[in-house]
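For reference, the structure discussed in these notes is given below.
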Amino acid sequence: MKRKELTLIKVKNKNYFHLLFIFLILFHYLIPIILFGNITLFYHDVLDAGVVYNNVLGKFYRGEQDPFNIFLNGNIKAYYMQYLLKPFSLIYSVLNTELAYWITDLSIKITSYISFFILSKKISNNFFISCLTSCVYAYFNSNALNGFGTAIFPYLLYLGLFKNELNTKHYLIIFIFGVNSDLVSSLLFAPILFLLIYFNQKDLIFKKMGFLIKLIGLFYFSMFITSLNLLYILFSIEEFHRISFFNERPSFAQNVKELFFGIFNVPKTFTDWTLVKKIPQTFIALPVIIFSLFNKNPFIKKILHIYLFYYFIKFVFNFEFFENLGSGLYRITWVNIYFPFIYTLMLLILINTYSYKKALSFFSFAAIFGFILSPSIVPYYKQNILQNFENYNNIYTFKGYYQMNEFREFKELIKKDRVISIGLDPMVAAMNGINVIDGYHNLYPQKYKIKFRKIIANELSENEKLRKYYDHWGSRVYAFVNEPKNPNLNYN
């Protein structure tokens with residue numbers, strides 16, 4: 001009887017670890033609510049792009065006729081939307097945009113936690129460490145706009161390493177998460193999966209080839225059927241703005257700098273908000289890579305070698321040039337989306353080594369608290385410490401960024417006419433239901449880029465940096481101006 005009671009207590013205590021780390025995940029949402037009354041996030045490529053797309057997708061799902069007409073003078077079509085057919089996007093048709101975003105964000109974090117824990121408990125005998133590293137991965141992998149591909153990847157590796165047959169539960173999980181995964185960002189999951197299995201036990205690849213083909217084939221098939229719009233675009237005769245993507249080769253010194261920053265995942269600048277966003281990632285990547293250089297574990301060594309080889313190739317080809325390869329619908333550097341998993345997997349193996357346990361546990365908790373606090377640090381500093389930011393508008397929140405109340409008057413004034421935004425983010429106008437001719441889009445017709453350029457040609461001719469930014473990239477179709485009080489735009 002005593003033995004059974006002790007066993008029950010032991011299991012219950014282990015479950016407390018889950019509660020602890022899930023609470024730490026929830027803490028990410030609670031802290032900014034306490035500080036600002038709203039949840040904070042880094043706005044770059046989220047509030048100024050992805051969230052607005054999803055807001056319009058929600059209107060499309062609810063049956064609104066051609067809601068995409070609001071963008072770029074009507075030059076954006078429904079099938080340009082990367083997640084048009086993804087089931088997880090349907091939440092935007094039911095809930096308001098902000099709530100839908102945060103539910104998706106939390107779902108991806110929890111999926112990442114569970115998925116990594118299932119894998120980690122087969123690798124580590126320490127339950128606490130499995131929970132700790134799973135929490136790290138949940139934060140490190142968090143991106144509510146990229147679907148569930150990387151969130152479920154640890155589970156797919158678990159199946160590949162430790163299962164020989166797929167049952168009904170496995171088929172359902174693979175299919176459900178497959179249809180909710182982004183084909184573009186998850187395209188390289190198969191070679192990464194094969195490499196990791198091969199590095200762990202090379203004979204396993206040949207013994208389980210049929211099983212692995214079945215697993216990978218089902219996941220790819222699931223992604224493909226909800227990415228048919230992207231496949232249609234791939235074979236479309238229309239030219240998109242991405243054909244003019246071009247990156248100039250950097251200097252040798254800049255290339256060396258990029259090599260160092262890339263390998264150790266160190267912030268590239270110490271002068272803006274990206275430092276705060278990057279630091280928690282560096283708390284994991286930097287010690288993991290350094291300890292791996294001195295570790296003799298063959299699995300770690302093989303991962304490290306292929307990781308360094310990737311950066312060696314980028315260095316040889318020059319970073320910007322390499323990153324430009326495959327600049328149509330797909331870019332080679334999408335493989336970087338799996339680096340959070342690679343870092344966390346290496347962390348899991350290294351942290352089980354006695355000599356690294358204390359140091360890596362410290363860095364893991366430092367990273368978690370960094371992830372929790374980082375979206376709130378900059379707005380808190382501006383709002384409460386800097387004297388010249390007394391009226392600071394918190395652009396790190398939905399409410400602060402989109403200014404719904406302020407734009408209501410503009411909407412009534414403008415009605416169904418179209419606008420161009422000077423000194424303002426045009427996607428804010430679009431989010432408020434105002435028709436725009438400018439915006440931030442990853443996919444739009446090249447002919448529109450050329451046409452819009454005539455409006456800003458004078459401004460671009462006076463600023464070589466802006467000219468290259470628009471001509472060599474151009475996803476931000478903005479009314480760039482050098483002197484906001486005296487814009488030199490062609491209004492005709």
Subset of segment 56-80 (residues that are under 20 Å from F240 (Cβ atoms) and either of a type in the set (V, I, T) or open to solvent by less than 10 Å² (accessible area, probe 1.4 Å) (or both)):
V56, L57, F68, I70, F71, L72, I76
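Among residues belonging to segment 239-262 that are part of a loop (DSSP other than H, G, I, E, B) and in contact with a helix residue (DSSP H, G or I) (Cβ under 8 Å, 6 or more places away or on another chain), point out the one that is most open to solvent (accessible area, probe 1.4 Å). Give the derivation first.
As a first pass, look at segment 239-262 and keep what is part of a loop (DSSP other than H, G, I, E, B): 239, 245-251.
With the extra rule that they be in contact with a helix residue (DSSP H, G or I) (Cβ under 8 Å, 6 or more places away or on another chain), the set shrinks to 239, 245-250.
On the way: E239: 111, F245: 17, F246: 103, N247: 46, E248: 85, R249: 137, P250: 26 Å².
This residue is R249.
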May I ask you to list the residues in segment 474-492 that are surrounded by fewer than 16 Cβ atoms within 10 Å (Cβ to Cβ) and aromatic (F, W, Y)?
Y491
Considering segment 434-452 alone, what residues qualify as being open to solvent by less than 20 Å² (accessible area, probe 1.4 Å) and either closer than 17 Å to E406 by Cβ or assigned to a helix (DSSP H, G or I) (or both)?
I434, V436, Y448, K449, F452
Single condition S107 does not satisfy, out of (1) surrounded by fewer than 21 Cβ atoms within 10 Å (Cβ to Cβ); (2) within 22 Å of N265 (Cβ to Cβ):
(2)
Going through (1) assigned to a helix (DSSP H, G or I); (2) surrounded by fewer than 19 Cβ atoms within 10 Å (Cβ to Cβ); (3) under 25 Å from the mean Cα position of the chain (by Cα) one by one, L230 fails only at (2)
Set E483, E409: member being more than 30 Å from the chain's Cα centre (by Cα), among the acidic types (D, E) and in a helix (DSSP H, G or I)
E409
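Pull up segment 160-183, narrow it to residues that are in a helix (DSSP H, G or I) and in contact with a Lys or Arg (Cβ under 9 Å, 6 or more places away or on another chain), then point me to the one that is most open to solvent (accessible area, probe 1.4 Å).
Step by step, filter segment 160-183, then rank; the result is F162.
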So how many residues does segment 154-204 have that are within 14 Å of F299 (Cβ to Cβ) and β-branched (V, I, T)?
1
Residue check: is A457 assigned to a helix (DSSP H, G or I) and either buried (at least 21 other Cβ atoms within 10 Å of the Cβ) or of a type in the set (V, I, T) (or both)?
no
Can you spot a residue in segment 263-274 that is part of a helix (DSSP H, G or I) and open to solvent by 70 Å² or more (accessible area, probe 1.4 Å)?
no
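Pick out the one residue from P298, P287 that is open to solvent by 50 Å² or more (accessible area, probe 1.4 Å) and out of contact with any Pro (no Cβ under 8 Å at 6 or more places or on another chain). Before you say what the answer is, go through the steps one by one.
Values: P287 fails: open to solvent by 50 Å² or more (accessible area, probe 1.4 Å).
When all the criteria are applied, what remains is P298.
Matching residues to (1) closer than 30 Å to G439 by Cβ; (2) open to solvent by 30 Å² or more (accessible area, probe 1.4 Å); (3) touching a residue at least 24 places away in the same chain (Cβ under 8 Å):
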{"position": "V335", "(1), (2), (3)": "yes, no, yes"}
{"position": "P340", "(1), (2), (3)": "yes, no, yes"}
{"position": "Y354", "(1), (2), (3)": "no, yes, no"}
{"position": "A359", "(1), (2), (3)": "no, yes, yes"}
{"position": "S364", "(1), (2), (3)": "no, no, yes"}
{"position": "A367", "(1), (2), (3)": "no, no, yes"}
{"position": "I377", "(1), (2), (3)": "yes, yes, yes"}
{"position": "F407", "(1), (2), (3)": "yes, no, yes"}
{"position": "I420", "(1), (2), (3)": "yes, yes, yes"}
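The values are calculated or read from the model by the stated rules, or taken from the named source; none is laboratory data. None of the values given here were measured: they were computed from a predicted structure. Positions of Cβ are generated from backbone atoms using ideal geometry, with glycine treated the same way; all protein chains shown enter the neighbour counts. When the accessible area is computed, the model is the full protein with side chains, heavy atoms only, and any ligands, DNA or RNA have been set aside. Shrake-Rupley method; radii C 1.70, N 1.55, O 1.52, S 1.80 Å.
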